[in-house]
Structures are given as structure tokens and as C-alpha cells.
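Asker: Below are the C-alpha cells for one structure; questions will follow.
The values are calculated or read from the model by the stated rules, or taken from the named source; none is laboratory data. What you see is a predicted model; the values in this text were computed from it and never measured. Here the Cβ positions follow ideal geometry from the backbone for every residue, glycine too, while neighbour counts run over all protein chains shown.
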Amino acid sequence: MNPVAPARARISIVGAGPGGLTCARILQRRGIAVTVYDGDRGPHARNQGGTLDLHADNGQVALREAGLLDEFFALARPEGQEMRRMDPTGTMTSHQVPEVGESFKPEIDRGRLRDLLLDSLQPGTVRWGRSLDAVGGPADGPRQLHFTDGTTVETDLVIGADGAFSRVRPAVSPAVPRYTGVSFLEARFSDVENRHPDIAELVGPGGAHAADGVRGLFAQRNSGDHIRVYVIRRVPVDWISRSGLTADDTDALRTLLLDEFAHWSPRMRRMITDNDGPYVDRPILALPVPHTWEPSPTVTLLGDAAHLMPPLGVGVNLAMLDAAELALALAGSATVEDAVRGYEKTMLPRSTETAALLEGGADHLLSVDLPDHSDHPAPGADGPARP
């Protein structure tokens, strides 16, 4: 294939999460055409998950390049930076309260962030209902995107922003996510000030974490008077079926959890048992460390597709920083291949260093002493993935 200038290239992003949309937004701001493909039927086809803290040194850097930082601060919740640590009795052992005007890592709901990014794109940028099956074509291009509906699209660059179970990743790497041994069971609470005032008071405006060395709870306040609680346990990945249950057996799962958390105080156990609706099973997966691949002039990855890590508050921030750096590399390079090589030269060492730091980090969520890098543990860019 002859070298292709980014301005003339057919650029395809697979995945309309924060990383993919951030990349598309910055490319369009730089006058480069791009198309995003996503398997969802539409922008609101499914719940986007809980809240995210976007850091000043990565996630916010990307939003500044996207020209959306002011809009982000208008939607964000700086009070969400508050963090409480408690013991199993509900006694607070540590309380971090943000200073007035603190904006290092304010919270924003995933859905609001996604809408902010979607609304910033040119109409028709995202093609909904397009689930990728595989990437075909020669390594030097052009590539073909083969969708599950039988259609095919030819493209000069494929950017895999499609999360833990990326369908783009196999084009450059055989790596697959592995179960870390730690699982989250998500419980949701709505209208908390009226219906769950005790839990609302316990959690406060930000997040709250408690653990006994074997099991833990992490609760996070969302906008719209919602709270999500993650019950954290080291269990087999198929622990529900091994117990003779299904994910819909809410009452039976409550009984099982009450037994496991029997020595926790009644007030703390309400975060496990008073949830509205069913639980959501979210096993924590991670890619091998290091995860690298031989450079390809026509395919690259960002976010969880490139470096899936335990959910310790860095996933979405790294995904958005990846997106910004890749878009800027494309805008500033003579050829697509030069841009991809330049981007990966920075991204791969950074992600390897961070992944090594966080390797095994899911276990820390069960520890009585949570490490500094886990001050605000929460599901990552795409949320804990299902195997």
C-alpha cells in the first residue's frame, strides 16, 4: 500500500465509548474525517454504568484538546471527590474531603460524559447497530471491517476502542483478558434521600469503601439521587452457577451474601440487601502484563482494548489520553503509519508501566488498608467485563 496521508485516509473507530468518541472529536476538530462504528442500537440502548473521576493530568487533558473542558466542569460533581473509609461496623476510619474549588478529579456519570462527547460530533459520525465480527485484509491495507450483519467496509486505519473483548485486537495481538480472581456484584439504589436515607448518609456525596481483608464494599454516589454499591469478593468466575443459582435469583443471592457478611453491622449490610432490582455480576478481568504487539500501519488500539487493568480509577483516564494522543499524532504526521508508530511509542510503555503497578490490584480492594492509587476504586472505562 502506498503511504496514506491522514487527511485523505479512511479512518474507522470501532467503539463509541469515551475513548473512541474523544478520538473522533479531536480528529474532527483538526479537520480529519472519521467514522465510528458501535454495536449498540442507539446512544441510549443500554445503561452506561456508574460514575467516573476524570483526572487533571490525563482525562481532563483530553477534554481540553477536544474543546469540551468547560462543558465537562458544568456537568461534573466536584463534591464526588469526597472519599470515606469505614470498618465493617460502619465506623469511619478515614475521611477525605475536597477543598473548595478542588478540581483534580471531579466525578461525572458515564452517561453524561458519553452524551457530551456524542453531541460534539458531526451528525452521522456514529453508525449504530454495527457489531464488528472481524478485521480482514492485508496488514499493509486496505483493511476490511466485517460486521455481523454481513456487510463489509473498506478502510485505511482501524482504531480498536471496543473494550475488554475487542474484536479489533486479534488483528494485532492474540492476547485475551484473564479473570483476576476478584468479582464485583453490583447493587443499585434509587431515590436514595427518600427511600434509602440511611445508606445516603453512610455514603455521603462521593464514595465509601470498607473491607475486612477477605471481602469488601465500595459505594459511589451517582447523579440523579442514585447510589451504586459493589460487593467485592474473591470467588470463582462462575460462583453463581456453582451455588446452584442464576443472576436473577435476587433473594437467594441476598441470603448467600448475608451469610458471608454476617459479622458486619446491620447498617453496613443494608448496602448489600436493600437494593432496588437484581444484582449485576461483574467479574474483574485484565490483559497480560506487558501487553504489546508488532506495529501495524493499519490497525491500532486504545483504552481497554489495548491495556485492560483492574478498576482502580485509571481506565477511562488512560483511554481518553490515548485517544487524544492518537488523534494529535494523526493530525501532525505525514502518513497514517508514522502517526500510529509515534502514538504507540508513547502509549505502550506508559500502559505497561501502569499495568505493572496495578497488577493484582483488585486484591487491594479487599484489604483493610487501601493503597494510595486506589483512593477511589471504581469500574474502569468500559466497566468490569463479563467473561
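Asker: With the requirement that a residue be closer than 23 Å to ASP38 by Cα and out of contact with any helix residue (DSSP H, G or I) (no Cβ under 6 Å at 6 or more places or on another chain), what does the range 48-67 give you?
Answerer: If the condition is that a residue be closer than 23 Å to ASP38 by Cα and out of contact with any helix residue (DSSP H, G or I) (no Cβ under 6 Å at 6 or more places or on another chain), then GLY50, THR51 are the ones that fit.
Asker: Okay, moving on. If ILE199 passes every condition in (1) outside the structural domain of GLU337 (by TED's automatic domain parsing); (2) part of a strand (DSSP E or B) but one, which one does it miss?
Answerer: So the condition that ILE199 fails would be (2).
Asker: Among (1) assigned to a loop (DSSP other than H, G, I, E, B); (2) assigned by TED's automatic domain parsing to the domain that holds ARG114; (3) closer than 26 Å to GLY206 by Cα, there is one condition THR354 misses while meeting the rest; what is its number?
Answerer: It fails just one condition, (1).
Asker: Quick check on ASN58: is it touching a residue at least 60 places away in the same chain (Cβ under 8 Å), within 19 Å of the chain's Cα centre (by Cα) and surrounded by fewer than 18 Cβ atoms within 10 Å (Cβ to Cβ)?
Answerer: When the stated conditions are applied, ASN58 does not pass them.
Asker: Can you give me the number of residues within the range 294-306 that are closer than 25 Å to ALA56 by Cβ, touching a Pro at 6+ places or on another chain (Cβ under 9 Å) and not small (Gly, Ala, Ser)?
Answerer: Total meeting the criteria: 1.
Asker: Here's a follow-up. Just one of the numbered conditions (1) surrounded by fewer than 24 Cβ atoms within 10 Å (Cβ to Cβ); (2) more than 21 Å from ALA200 (Cβ to Cβ) is not true of ARG267; which one?
Answerer: Condition not satisfied by ARG267: (2).
Asker: Being assigned by TED's automatic domain parsing to the domain that holds PHE165, at pLDDT 95 or above and touching an Asp or Glu at 6+ places or on another chain (Cβ under 7 Å) is true for just one of ALA329, ALA324, ALA334. Which residue is that?
Answerer: Step by step, each of ALA329, ALA324, ALA334 is checked, and only ALA324 is assigned by TED's automatic domain parsing to the domain that holds PHE165, at pLDDT 95 or above and touching an Asp or Glu at 6+ places or on another chain (Cβ under 7 Å).
Asker: Answer yes or no as to whether ARG143 is surrounded by 14 or more Cβ atoms within 10 Å (Cβ to Cβ) and either under 20 Å from ALA56 (Cα atoms) or in contact with a Phe, Trp or Tyr (Cβ under 7 Å, 6 or more places away or on another chain) (or both).
Answerer: For ARG143, the condition - surrounded by 14 or more Cβ atoms within 10 Å (Cβ to Cβ) and either under 20 Å from ALA56 (Cα atoms) or in contact with a Phe, Trp or Tyr (Cβ under 7 Å, 6 or more places away or on another chain) (or both) - is not met.
Asker: Answer yes or no: is there a residue in the range 12-29 that is surrounded by 24 or more Cβ atoms within 10 Å (Cβ to Cβ), assigned to a loop (DSSP other than H, G, I, E, B), in contact with a strand residue (DSSP E or B) (Cβ under 9 Å, 6 or more places away or on another chain) and at pLDDT 95 or above.
Answerer: Checked against the condition, which is being surrounded by 24 or more Cβ atoms within 10 Å (Cβ to Cβ), assigned to a loop (DSSP other than H, G, I, E, B), in contact with a strand residue (DSSP E or B) (Cβ under 9 Å, 6 or more places away or on another chain) and at pLDDT 95 or above, the range 12-29 yields at least one hit.
Asker: Please go through the range 9-52 and pick out each residue that is closer than 14 Å to LEU301 by Cα and either over 20 Å from the mean Cα position of the chain (by Cα) or of a type in the set (S, T, N, Q) (or both).
Answerer: Matches in the range 9-52: ILE11, SER12, THR22.
Asker: To continue, here is another question. Being in a helix (DSSP H, G or I), under 14 Å from ALA187 (Cβ atoms) and in contact (Cβ under 8 Å) with a residue 24 or more places away in the chain is the filter here, so list the residues in the range 239-259 that pass it.
Answerer: Of the residues in the range 239-259, the ones in a helix (DSSP H, G or I) are 239-242, 250-259.
Among the residues that remain, those that are also under 14 Å from ALA187 (Cβ atoms) are: 250-251, 253-254, 256-258.
Result: THR250, LEU253, LEU257.
Asker: Please state which one of ARG167, ARG188 is part of a strand (DSSP E or B), surrounded by 17 or more Cβ atoms within 10 Å (Cβ to Cβ), within 23 Å of the chain's Cα centre (by Cα) and in contact (Cβ under 8 Å) with a residue 24 or more places away in the chain.
Answerer: ARG188
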